[in-house]
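The values are calculated or read from the model by the stated rules, or taken from the named source; none is laboratory data. It should be emphasised that the depicted structure is a prediction, and the values quoted were computed from it without experimental measurement. Cβ placement follows ideal geometry from the backbone for every residue including glycine, while neighbour counts extend to all protein chains displayed. These area figures cover heavy atoms from the full protein model, side chains too; ligands, DNA and RNA do not enter into them. Shrake-Rupley method; radii C 1.70, N 1.55, O 1.52, S 1.80 Å.
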Amino acid sequence: ERPISPHISPYLPKVRLIFTLRDPVPRAYSEYLNKAADRTVVRYLNKRIDNKMEKDLSDAAPPFSALVADVAKTMASCGSPNRTFSMMDEYSDEMEEAGCYVNPFVGEGRYVRYLKLWLGMVPRRQLLLLNFDSWTASAEAAQEAMGRVAAFLQLAPFSFRVDEAHNTHANRSVHVDRDAASDADAIKGQSVEAQLPRRDRCVLRDFFMPYNAALAGLLAQHGYEPMTEAWGASAAADCPAKSGWRFAEELPAAPHATGAAAGGEEERRRCGTVDHPCLAGSDTQAT
């Protein structure tokens, strides 16, 4: 995102961008299922910003539960949400040694990191944000959302087909040579997240909590409608209250603003300074 986004406005000053954000927990598992269907999970996991994507297909994909277990380890070893990095993020040797890497299925759900860049560069009139979970809830909501898209793109009035859903959990088709359509109404009551074991669901809810909170603040700051409040509200009710993030309690206090974090531990004090890798280049600090 960083090499491209600064160059968009000078070369495409009138560009219009559409973002549709989905609850990051089912989004992560859904993407995993997509990659498992086209046998590219291993290729995806091995990609970094400083190497090329592998071309070989593989059936040796680790189970999603193993990837979630690694996320739990990251929260404990890395400590702070500000330090995590994923497939296309820049990172330091210290961040890697501290176990701050998160697999891209989960890492790409840290929306606030990427959206903050775009909101800071492209005028609001040229950005449309949609809540995936809202506009896929019913045919009426889908028609209303597509109407907004058409108006935003200044297209002539058009009646969109919303009775079919493509590339769903019931019928995968991304990168697979087949037309995979499902009846949109028939899959409404089916939940991707419900397929996850409770432990996996709770780990992911815990992981995304600080990022979703930061995203809510970012959307409010720019005058957009909230969309994170309903994400996992009921699903998280049976999850432990204690967080796996070691420094999670520091996020609302924005320690970088004062130059020192609360607590007496040396690592916490160092993490509270802007030149420490846990905050350097971060887009997730609370404001």
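Quick notes on this one:
- Among the residues making up the stretch 217-230, those that are of a type outside the set (S, T, Y) and either surrounded by fewer than 17 Cβ atoms within 10 Å (Cβ to Cβ) or in contact with a strand residue (DSSP E or B) (Cβ under 9 Å, 6 or more places away or on another chain) (or both) are G217, L219, A220, Q221, H222, G223, E225, P226, M227, E229, A230.
- Any hit, the stretch 24-44, residues being in contact with a strand residue (DSSP E or B) (Cβ under 9 Å, 6 or more places away or on another chain) and within 30 Å of F152 (Cα to Cα): yes
- If you go through the stretch 28-80 and keep only what is without any contact (Cβ under 8 Å) to a residue 60 or more places away in the chain and at positive phi, you end up with just R39.
Rundown of residues vs (1) under 27 Å from G147 (Cα atoms); (2) open to solvent by 10 Å² or more (accessible area, probe 1.4 Å); (3) aromatic (F, W, Y), yes/no style:
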{"residue": "M87", "(1), (2), (3)": "no, yes, no"}
{"residue": "E97", "(1), (2), (3)": "no, yes, no"}
{"residue": "W118", "(1), (2), (3)": "yes, yes, yes"}
{"residue": "N131", "(1), (2), (3)": "yes, yes, no"}
{"residue": "W135", "(1), (2), (3)": "yes, yes, yes"}
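- Pairs meeting the criteria (first residue in the stretch 1-12 and farther than 17 Å from L119 by Cβ and at pLDDT 65 or above, second residue of a type in the set (G, A, S) and loosely packed, with under 11 Cβ neighbours inside 10 Å, beta carbons under 7 Å, at least 6 apart or on different chains) are lacking.
- Test: residue in the stretch 41-51 that is open to solvent by less than 30 Å² (accessible area, probe 1.4 Å) and in contact with a Ser or Thr (Cβ under 9 Å, 6 or more places away or on another chain): yes
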